[in-house]
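First up is the structure itself, then whatever we jot down about it.
Computed from the coordinates by the stated procedures, all read-outs in this text should not be read as laboratory data. Since the structure is predicted, the reported quantities are computational estimates derived from the model, not experimental observations. Cβ placement follows ideal geometry from the backbone for every residue including glycine, while neighbour counts extend to all protein chains displayed.
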Amino acid sequence: MMALIGHWVKSLIVIVLLGNLAQFILPKGDLKKYAGLIVGLVLLLAMVSPVWSLIHRLENIPASTALLGEGNGNTFQAVVEQEQVGQAEAMVLSYPQVVSCHITLANPHHYDAYVKTGAPISTQTLVRYIQAALAVSTGQNKDQITVHLVVQGPSNTKPATQAKS
Amino acid sequence: MRKGFWVVILAVGMIAFLSPFVSAQSIDTLVQRQAQSVNTQSLDRQVSQLVNPYPQIHVPTVSEIVSDLLHHKNPFPLNQLFSAMAQAIGGDLAQEGRVLGVIFLLSVLAAILSRLSESIDASGHIAELAQMAVVSALILIALHSFGVALSMVHNLLTDVVHLMESLIPLLVVLMAGSGAVASAGIFHPIMMLTVNLVAVLTRSWVLPLVLLATIIDLVGHWMPNFSIKNLALLLRQTGLTLLGGLMTLFLGVMAVEGSAGSVADGVTLRTGKFLANTFVPVVGKAFSDAMEAVLGSSMLLKNAVSVVGALTIIVLVAFPLIKLFIMMVLYRLGAAATEPLGVSGVNKTLETMATAAGWLLAITGSVALMFFLMITVVVTASNGAGL
């Protein structure tokens with residue numbers, strides 16, 4: 001930032017010096033007056049151009065990403081979704097006997113969950129737990145969320161699936 | 001049974017009677033032992049390294065200050081500082097006076113040249129050119145001395161930050177040791193943040209902005225046809241507003257945090273003393289007295305450390321401030337003296353240089369004042385806790 005200001009001031013000083021030199025060299029007369037006007041205009045332009053380009057850049061940035069830097073809205077949405085799913089995973093991991101948990105978003109309001117357990121667990125309660133966790137982390141209504149659950153555990157090795165709407 | 005009872009009574013009486021003597025006798029040795037157990041060597045080494053350029057001045061070490069204070073002696077005779085300052089004033093006067101002499105010579109030459117060329121060449125074109133050449137030489141000299149002053153301020157800031165970074169951990173440890181645990185916890189991050197924020201902002205924003213403003217002003221005096229003086233005004237104003245805002249923020253935060261921390265510490269300490277007095281049977285009184293003695297002695301040590309820090313800041317800042325002040329006065333004198341010669345560029349250049357030296361003086365002074373206040377406020381805020 002300071003380097004930019006330094007560059008700006010340096011270019012202004014160079015223009016001032018060149019303009020003064022032109023004033024010295026040119027003979028007295030009409031030409032000198034017009035040269036003075038043009039040097040003044042160039043100086044004005046050089047002084048205002050960084051401000052102008054800054055305003056221009058601010059106008060072109062969409063409001064949603066103005067605070068988040070470069071990138072478009074979709075990537076931001078993806079980051080948010082990943083974060084929400086990750087929080088839900090962390091909550092599910094706190095459930096007793098759950099060893100690992102992986103949740104992915106299949107389509108809006110529908111999630112796939114792969115859970116590995118250390119002991120047999122009722123899949124019904126687990127589904128309800130995952131739904132509650134997702135409801136907390138995404139802020140959606142609990143009844144709107146459907147979870148397709150695949151449990152891998154010591155006793156029930158065959159995948160138990162359940163969908164609830 | 002009865003004999004045993006009397007023995008217990010006797011023991012309690014002896015402890016209650018002797019404990020004040022025990023704590024009163026051991027305060028000297030206690031302080032010495034604490035001074036030895038806290039490692040102040042790195043601070044002392046840093047201080048002696050920083051004060052190295054001024055060999056006349058000896059800033060006492062922490063243990064020297066502690067023993068001097070215990071034996072009611074003056075740890076830092078002020079006349080050695082004053083004599084060193086007087087020497088520095090003499091040296092700076094001679095050095096800057098030489099520069100001013102060259103500037104005088106140049107401006108007299110410029111005046112003679114312009115009068116001569118006016119009589120030769122009626123159009124005044126050559127006179128203008130001659131004046132420009134002289135002013136450019138003047139600007140070169142002035143910018144050189146301004147660059148020296150600027151790098152001096154830069155180095156001073158680096159030195160003071162190094163000093164604070166070796167001082168703060170020690171100060172915080174001793175603060176916690178003297179019972180001001182909440183103050184120590186509150187102040188440590190704030191102090192580190194403030195020191196680095198002030199140093200970074202001043203070094204990379206305020207000083208460059210003032211330098212740019214001065215250069216623009218000088219170019220304006222050199223070639224007066226197109227000048228961008230109001231831009232210089234804007235840049236300078238920005239830099240100084242930044243510094244002023246920083247200072248206001250810093251003072252406010254320091255005041256609030258200081259009072260909050262010392263209140264919390266006072267409550268904790270008094271509760272601790274009360275608990276020890278009331279609930280520890282037999283030796284409770286002796287225990288709380290001993291606790292007070294330990295806290296008092298580490299408070300003495302903490303104040304010694306802060307005295308070393310404050311003294312070093314004074315010594316480090318005094319000489320650059322003197323140099324900048326002399327520079328400012330001499331440039332003003334030059335501006336006043338060259339005005340009657342009638343070469344307008346010269347006296348305005350000198351005026352600008354004097355103003356720039358004044359701004360540097362203000363920046364250095366306010367940053368040093370901030371660091372100085374930080375040490376004193378922090379220490380006094382935590383002093384109130386133990387009593």
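Some points to look at:
- Whole-number percent relative contact order across chain B, with pairs defined as alpha carbons under 8 Å at least 6 apart: 28 percent
- Taking the empirical scaling 2.2 N^0.38 Å for compact globular proteins as reference, the range A:2-60 has a Cα radius of gyration ratio of 1.40.
- The simple Förster model, with R0 at 45 Å and r as the Cβ-Cβ distance, assigns A:Asp30 and A:Leu54 a FRET efficiency of 0.75.
- Net lengthening on full extension, B:Val200/B:Thr376 (0.36 nm per residue, minus Cα-Cα): 61.1 nm
- Backbone phi angles across the range A:138-154, fed through the Karplus curve with coefficients 6.51, -1.76 and 1.60 (θ = phi - 60°), yield HN-Hα couplings of 8, x, 7, 6, 5, 6, 7, 8, 10, 10, 9, 9, 10, 9, 10, x, x Hz in residue order; Gly and Pro are listed as x.
- Approximate spin-label separation A:Leu45-B:Phe325, in nm, with each point projected 7 Å along Cα-to-Cβ: 5.1 nm
- Relative contact order of the range A:73-152, defined on C-alpha pairs under 8 angstrom at six or more residues apart (%): 32 percent
- Whole-number D in µm²/s for the protein assembly as shown (Stokes-Einstein; Kirkwood sum over Cα pairs; 25 °C, 0.890 mPa s): 79 µm²/s
- Sorted by Cβ neighbour density within 10 Å, fewest at the top, the residues B:Glu128, A:Glu89: B:Glu128, A:Glu89
- Charge dipole (Cα centre; +1 on Lys/Arg Cβ, -1 on Asp/Glu Cβ; no other charges) of the range B:82-203 amounts to roughly 220 debye.
- Helix axis angle, B:344-383 relative to chain B longest principal axis, alpha carbon, degrees: 10 degrees
- Cβ crowding within 10 Å, taken as a proxy for footprinting-reagent exposure, orders A:Tyr114, A:Tyr34 from fewest neighbours to most as A:Tyr34, A:Tyr114.
- For chain B, adding -39500 (n - 2.57) for each run of n ≥ 4 DSSP H residues and dividing by the number of residues yields -31500 deg cm²/dmol at 222 nm.
- Put simply, the amide H of A:Gln152, placed in the peptide plane, has neighbours under 5 Å in A:Val115, A:Lys116, A:Thr117, leaving out anything fewer than 5 places away on its chain.
- Distance between modelled label sites at A:Ser122 and B:Val102, nm, 7 Å Cα→Cβ extension: 9.4 nm
- Net lengthening on full extension, B:Asn74/B:Met247 (0.36 nm per residue, minus Cα-Cα): 59.0 nm
- Listed from fewest to most Cβ neighbours within 10 Å, the set A:Asp143, A:Asp30, B:Asp68, B:Asp265 follows the order A:Asp30, A:Asp143, B:Asp68, B:Asp265.
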